[in-house]
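One structure below.
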Amino acid sequence: MGAVTTPPPPGTPYHRLARTARHRWWRPVLGTVLLAVGLLTAICLLYGVMAAIGHLAGRSATPDAPPTLGPLADLAVGLVAIAVALPLTLLAVRWVQARPVGTISSVCGRLRWRWLGTCLLVAVPAVVVLLGGGIGLLALTGGDDEPAPAGTGWPGWLGFLGALAVLLVLVPFQAAAEEYVFRGWLLQGVGAFLRTPWPAILVQAVLFAAAHGWGTRWGFADLAIMATLTGWLTVRTGGLEAAVALHVVNNLIAFGGAAATGELAAEEAAADATWEIFAVSVLVHLGYTIVVLRLARRRGLATVSPEAVPPTGMATPPSAGAAGPPAPTGWPPAPAAGTWPVGAPPTALGTGPADRAHGTTAPDLPRTDGAEPTTGSGGRPSGPGEHVAEPVGETGPPGNRR
């Protein structure tokens with residue numbers, strides 16, 4: 001059997017979704033340790049396999065680096081090594097924190113695909129402006145005078161399309177894995193201890209920038225600000241969709257451009273950004289944040305966990321004052337007070353079929369035509385005591401006659 005999970009209480013914001021009824025201080029700590037150990041183990045195994053394949057293929061190696069399989073293959077292994085963090089994070093949510101896996105995606109307990117598509121449409125022009133503006137500002141300031149990396153040039157359609165296919169398959173998982181670790185696991189892990197989201201947002205932002213290595217101070221600041229804005233977006237929109245969309249589009253366009261120019265082997269990263277890139281990046285990320293927040297507000301996007309939904313088929317009691325369905329009737333409706341059906345004499349209370357069936361019949365009323373009142377069986381009317389039949393041809397005392 002699977003582990004029993006406990007959902008967060010209704011009305012919980014995103015950064016507090018890890019604080020369920022089964023939350024304990026050690027769960028986020030243990031989950032983080034297991035996540036780090038699992039990720040390091042997976043990376044060592046992947047690069048060990050790559051080194052073995054390179055050695056068998058006769059690839060050259062140096063004391064500082066294992067043999068390589070080529071720029072595209074090396075990049076693919078690196079992307080897979082990061083993407084492994086995605087299933088590890090989901091397992092930590094399920095087995096360590098004992099809560100539904102979907103609560104790390106959004107307050108709705110799942111990834112909201114339509115909202116993700118909307119964010120992708122906003123992210124594409126934002127990233128195009130980011131890269132175009134950065135290149136343009138570098139050209140104006142002379143910041144791009146450094147020599148181009150060796151081996152640049154158009155690889156041909158076959159080489160470009162092959163690299164693009166690999167990127168389209170792996171980059172979404174790699175980018176999503178980073179978002180689930182930093183804007184998901186770490187933000188909710190810290191948020192489980194504090195009501196305000198800002199400490200959790202800042203902690204994950206610093207760790208995100210540090211995880212990309214130390215390049216320049218502008219590069220570190222760029223990564224930290226981007227992580228802060230996407231962390232704030234995650235809390236304000238109630239899910240990871242906006243952050244995942246921006247990260248996926250940014251990496252796809254960046255890696256796609258590198259594949260088109262033959263620079264997949266270049267070691268330059270986001271941490272090496274110059275002040276020109278930093279300036280354009282901050283403006284673009286601010287604009288993306290404002291647009292996404294307005295769209296989320298206009299759409300009425302859920303930002304807290306909803307009320308619990310009863311299982312399918314379970315009836316829910318009607319609310320106070322709610323009108324229910326009319327009660328079924330087995331007989332024609334009773335006539336209005338003071339009225340009787342046409343041609344029918346009034347009858348005493350308790351002479352209906354239902355009353356006789358339950359033994360609640362009342363004595364017949366005297367008839368006005370002088371005839372002897374009869375019961376439904378044709379005998380004497382029933383009285384308060386036990387009734388004894390009279391012998392044929394005999395009459396009872398005068399007092400028993402009506």
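The values are calculated or read from the model by the stated rules, or taken from the named source; none is laboratory data. This one's a predicted model, so the numbers in the text were calculated from it and none came from an experiment. Using ideal geometry, Cβ is built from the backbone for each residue, glycine included, and neighbour counts are taken over all protein chains shown.
Would you confirm, using the coordinates I've provided, whether Arg99 is charged (D, E, K, R), farther than 30 Å from Glu263 by Cα and surrounded by fewer than 19 Cβ atoms within 10 Å (Cβ to Cβ)? No, not satisfied. So, of the residues in region 213-243 that are over 21 Å from the mean Cα position of the chain (by Cα) and not in a helix (DSSP H, G or I), which turns out to be surrounded by the most Cβ atoms within 10 Å (Cβ to Cβ)? Ranking the candidates gives Gly215 first.
Taking the conditions (1) of a type in the set (Lys, Arg); (2) in a loop (DSSP other than H, G, I, E, B); (3) exposed (fewer than 15 other Cβ atoms within 10 Å of the Cβ) in turn, Arg59 satisfies each one other than (3).
For residues in region 176-193 being closer than 23 Å to Pro7 by Cβ and either at pLDDT below 95 or among the small types (Gly, Ala, Ser) (or both), which is surrounded by the most Cβ atoms within 10 Å (Cβ to Cβ)?
To start, the set of residues in region 176-193 that are closer than 23 Å to Pro7 by Cβ comprises 176, 179-181, 183-193.
When the remaining residues are screened for being either at pLDDT below 95 or among the small types (Gly, Ala, Ser) (or both), the result is 176, 184, 189, 191-192.
Values: Ala176: 24, Gly184: 30, Gly189: 22, Gly191: 26, Ala192: 20.
By that ranking, first place goes to Gly184.
Of the residues making up region 181-212, those that are touching a Leu at 6+ places or on another chain (Cβ under 6 Å) and either farther than 18 Å from Gly31 by Cβ or not in a helix (DSSP H, G or I) (or both) number 2.
Figure legend. Inter-residue proximity from region 286-315: first residues loosely packed, with under 15 Cβ neighbours inside 10 Å and part of a loop (DSSP other than H, G, I, E, B), second residues modelled with pLDDT under 70 and not small (Gly, Ala, Ser), beta-carbon distance below 7 Å, spacing 6+ or different chains. Indicated pairs: Pro310/Thr316. Ala52 satisfies every condition listed in (1) among the small types (Gly, Ala, Ser); (2) in a helix (DSSP H, G or I); (3) in contact with a helix residue (DSSP H, G or I) (Cβ under 9 Å, 6 or more places away or on another chain); (4) surrounded by fewer than 18 Cβ atoms within 10 Å (Cβ to Cβ) except (3). From the residues in region 8-30 that are touching a Gly at 6+ places or on another chain (Cβ under 7 Å) and closer than 15 Å to Leu90 by Cα, which one is surrounded by the most Cβ atoms within 10 Å (Cβ to Cβ)? Within region 8-30, the match that is surrounded by the most Cβ atoms within 10 Å (Cβ to Cβ) is Ala18.
Residues of region 246-261 that are assigned to a helix (DSSP H, G or I) and either of a type in the set (Lys, Arg) or over 16 Å from Leu223 (Cβ atoms) (or both): Val248, Val249, Leu252, Ile253, Phe255, Gly256, Gly257, Ala258, Ala259, Ala260. Scanning region 102-135 for residues that are within 26 Å of the chain's Cα centre (by Cα), assigned to a helix (DSSP H, G or I) and over 12 Å from Tyr288 (Cβ atoms) yields Gly102, Thr103, Ile104, Trp113, Arg114, Trp115, Leu116, Gly117, Thr118. Scanning region 123-158 for residues that are buried (at least 19 other Cβ atoms within 10 Å of the Cβ) and modelled with pLDDT of 95 or more yields Ala123, Ala126, Val127, Leu130. Taking the conditions (1) over 17 Å from Thr89 (Cβ atoms); (2) free of Cβ contacts under 8 Å to residues at least 60 places away in the same chain; (3) among the β-branched types (Val, Ile, Thr) in turn, Val235 satisfies each one other than (2). Return yes or no: is Pro66 more than 34 Å from the chain's Cα centre (by Cα), surrounded by 12 or more Cβ atoms within 10 Å (Cβ to Cβ), over 30 Å from Leu283 (Cα atoms) and modelled with pLDDT under 90? Yes, satisfied. Among the residues here, Leu264 does not qualify as at negative phi and part of a helix (DSSP H, G or I).
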